[in-house]
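A short worksheet on the structure shown next.
The values are calculated or read from the model by the stated rules, or taken from the named source; none is laboratory data. What you are looking at is a predicted structure, and each value in this text was computed from that prediction instead of being measured. Glycine gets a Cβ as well: all are built from the backbone with ideal geometry, and neighbour counts include every protein chain shown.
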Amino acid sequence: MSLNERLTQIQPNAIRAFDAQISDVADILKLTLGEPDFNVPSHIKQAAIDSILADDSHYAPAAGTQALREAAVHFLADRYNLQYDADSQVIVTLGATEGIYDTITAVVNPGDRVLIPAPNFPLYDPTVVLAGGVPTYVDTSATDFLLTPDQLQGAIDTYGDQLVAVVLNYPSNPTGATYTSEQLSALADVLRGTDITVIADEIYSELVYDGQHTSIAQYLPDQTLVLNGVSKSHAMTGYRIGFVVGPTELIRAVGLIHQFAVTSASNPAMAGAAEALGTEAGRQDTLAMKTEYATRRDYLVKALRELGFAIPQPAGAFYVFAQIPDGLAQDDVAFSLALAQEGKVAVIPGSAFGIGGAGYIRLSYAASLADLQTAVARIAAFITD
């Protein structure tokens with residue numbers, strides 16, 4: 001039996017693997033996966049139901065329904081002042097996950113390098129490997145978990161034409177760090193005039209608590225592919241709807257990958273997403289969730305700091321990336337496993353996110369405030385026992 005040799009170079013998703021490892025622990029409280037705990041708003045569900053009742057059951061256009069593409073364009077213009085053409089510069093994907101696969105596969109040839117600021121969401125690396133490329137990391141743990149212009153220029157100087165893309169995920173999973181408009185402008189200045197494509201994973205763009213989200217596409221539109229969707233902003237993880245926007249030539253390449261891999265997304269799911277992205281009710285849904293997340297973030301950061309965890313202030317997403325206190329075992333995998341088995345709280349070891357993550361744990365506050373309070377009490381008992 002012959003298998004793709006590149007599969008030997010990748011490992012199963014470390015987040016899901018650890019989550020599965022501790023899921024059978026009795027009475028465990030899980031702060032592991034990045035899944036909103038809210039229900040999908042009723043008007044969005046009704047839009048999907050209406051699609052089913054209208055027998056909207058045939059193949060959709062490969063790029064997605066016209067209604068959803070127009071809603072995505074409206075969303076980006078309204079929130080972030082980005083301008084795209086719904087007919088030629090938008091591809092609807094099965095979540096941002098497919099968008100990651102499509103964009104990386106579209107721009108990477110064997111031997112090409114993709115720059116990944118680390119610690120990072122562990123999906124970019126295996127996708128680069130499967131495309132025949134070389135994941136190339138920059139440790140950002142000493143620079144507030146953000147890529148700096150000097151680090152970026154250093155990578156360009158080192159790798160030259162081998163470097164074909166850079167992944168920017170902000171707000172970040174796992175750290176919650178995000179870039180200011182000034183920081184993005186400075187990165188764009190370094191990239192402008194190169195042949196490097198920016199893959200901007202902005203799936204958490206609506207969950208920025210201190211200030212407003214800015215897309216690097218504002219400064220570098222001709223070199224940027226923006227990934228977004230409704231999973232995090234509208235609690236629609238199971239609907240599997242994301243989208244990619246960018247310059248026409250790049251989107252044409254992304255669309256080819258998408259077309260051969262997927263055909264098209266589900267019509268009812270796209271109807272729900274169009275309602276989420278294209279209406280004032282959809283905007284208000286997100287604002288309500290965002291207010292609750294901010295309250296949870298503030299509680300969890302303060303409570304964990306009081307227990308001795310060092311935590312960079314998360315500006316967005318719904319994660320806390322906490323450094324294990326001095327005096328405790330610093331092996332984050334062993335710490336997380338013991339916390340699960342003995343303390344009955346499940347978190348993700350920081351090393352699951354690669355370089356710069358060792359000695360940290362990631363906690364998701366996509367959980368009720370009551371559950372977070374219980375988790376903090378259990379963590380306190382665990383580390384003082």
Item to check | Qualifying residue in the range 372-380 (condition: surrounded by fewer than 18 Cβ atoms within 10 Å (Cβ to Cβ), small (Gly, Ala, Ser) and over 27 Å from Leu123 (Cα atoms)) | outcome: yes
Checklist entry - Quick one: Tyr84 ticks every box in (1) in a loop (DSSP other than H, G, I, E, B); (2) free of Cβ contacts under 8 Å to residues at least 40 places away in the same chain bar one, so which box is it? => result (2)
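Does Asp195 satisfy the condition of being acidic (Asp, Glu), more than 20 Å from Ala315 (Cα to Cα) and part of a helix (DSSP H, G or I)? First the steps, then the outcome.
Working: acidic (Asp, Glu): yes; more than 20 Å from Ala315 (Cα to Cα): yes; part of a helix (DSSP H, G or I): no.
For Asp195, the condition - acidic (Asp, Glu), more than 20 Å from Ala315 (Cα to Cα) and part of a helix (DSSP H, G or I) - is not met.
The rows are residues; the columns are (1) crowded, with 18+ Cβ neighbours inside 10 Å; (2) closer than 18 Å to Val345 by Cα.
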{"position": "Leu287", "(1), (2)": "no, no"}
{"position": "Asp298", "(1), (2)": "no, no"}
{"position": "Leu304", "(1), (2)": "yes, yes"}
{"position": "Gly308", "(1), (2)": "no, yes"}
{"position": "Gln313", "(1), (2)": "no, no"}
{"position": "Ala322", "(1), (2)": "yes, yes"}
{"position": "Pro325", "(1), (2)": "no, yes"}
{"position": "Leu328", "(1), (2)": "no, yes"}
{"position": "Phe335", "(1), (2)": "yes, yes"}
Next on the checklist: Can you say whether Ile91 is touching a Lys or Arg at 6+ places or on another chain (Cβ under 9 Å), touching a residue at least 40 places away in the same chain (Cβ under 8 Å) and surrounded by 19 or more Cβ atoms within 10 Å (Cβ to Cβ), as far as the supplied structure shows?
Outcome noted: yes
Next on the checklist: What's the number of the only condition in (1) in contact with a Ser or Thr (Cβ under 7 Å, 6 or more places away or on another chain); (2) not assigned by TED's automatic domain parsing to the domain that holds Met289 that Gly34 fails to meet?
Outcome noted: (2)
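Let me confirm something: among Tyr101, Tyr124, Tyr80, which residue is under 20 Å from Ser266 (Cβ atoms) and of a type in the set (Ser, Thr, Tyr)?
Tyr101
Looking at the range 268-283, can you tell me whether even one residue there is modelled with pLDDT of 95 or more, part of a loop (DSSP other than H, G, I, E, B) and not polar (S, T, N, Q)?
Keep residues of the range 268-283 that are modelled with pLDDT of 95 or more, which gives 268-283.
Add one more test, that the residue is part of a loop (DSSP other than H, G, I, E, B), and what stays is 279.
Next, only the ones that are not polar (S, T, N, Q) stay: none.
No: the range 268-283 contains no residue that is modelled with pLDDT of 95 or more, part of a loop (DSSP other than H, G, I, E, B) and not polar (S, T, N, Q).
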Checklist entry - Within the range 132-145, which residues are aliphatic (A, V, I, L, M) and surrounded by fewer than 19 Cβ atoms within 10 Å (Cβ to Cβ)? => result Val134, Ala142
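Given the options Ile196, Ile216, Ile203, name the one that is hydrophobic (A, V, I, L, M, F, W, C) and closer than 24 Å to Thr291 by Cα.
Only one candidate qualifies: Ile203.
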Checklist outcome for this item: Expected single match for in a loop (DSSP other than H, G, I, E, B) and at pLDDT 95 or above among Ala381, Ala358, Ala334, Ala352 is Ala358
Item to check | Condition check for Ala177: touching an Asp or Glu at 6+ places or on another chain (Cβ under 9 Å), surrounded by 16 or more Cβ atoms within 10 Å (Cβ to Cβ) and within 28 Å of Asn81 (Cα to Cα) | outcome: yes
Item to check | From Ile311, Ile241, residue being under 18 Å from Ile91 (Cα atoms) and at pLDDT 95 or above | outcome: Ile241
Item to check | Filter pass, Ala294 being surrounded by fewer than 24 Cβ atoms within 10 Å (Cβ to Cβ), out of contact with any helix residue (DSSP H, G or I) (no Cβ under 7 Å at 6 or more places or on another chain) and either at pLDDT 95 or above or not charged (D, E, K, R) (or both) | outcome: yes
Checklist entry - Taking the range 37-54 on its own, how many of its residues are buried (at least 17 other Cβ atoms within 10 Å of the Cβ) and assigned to a helix (DSSP H, G or I)? => result 4
Item to check | One residue from Asp210, Asp222 being acidic (Asp, Glu), surrounded by fewer than 19 Cβ atoms within 10 Å (Cβ to Cβ) and under 19 Å from the mean Cα position of the chain (by Cα) | outcome: Asp210
Checklist outcome for this item: In the range 96-130, residues that are assigned to a helix (DSSP H, G or I), surrounded by fewer than 23 Cβ atoms within 10 Å (Cβ to Cβ) and either more than 14 Å from the chain's Cα centre (by Cα) or small (Gly, Ala, Ser) (or both) total 6
Checklist entry - How many residues are closer than 20 Å to Ala62 by Cα and β-branched (Val, Ile, Thr) when one looks only at the range 227-242? => result 2
Checklist entry - So how many residues does the range 21-36 have that are farther than 22 Å from Ala377 by Cβ, within 25 Å of the chain's Cα centre (by Cα) and assigned to a loop (DSSP other than H, G, I, E, B)? => result 3
Checklist entry - Looking at the range 62-71, is at least one residue out of contact with any His (no Cβ under 9 Å at 6 or more places or on another chain) and under 19 Å from Leu363 (Cα atoms)? => result no
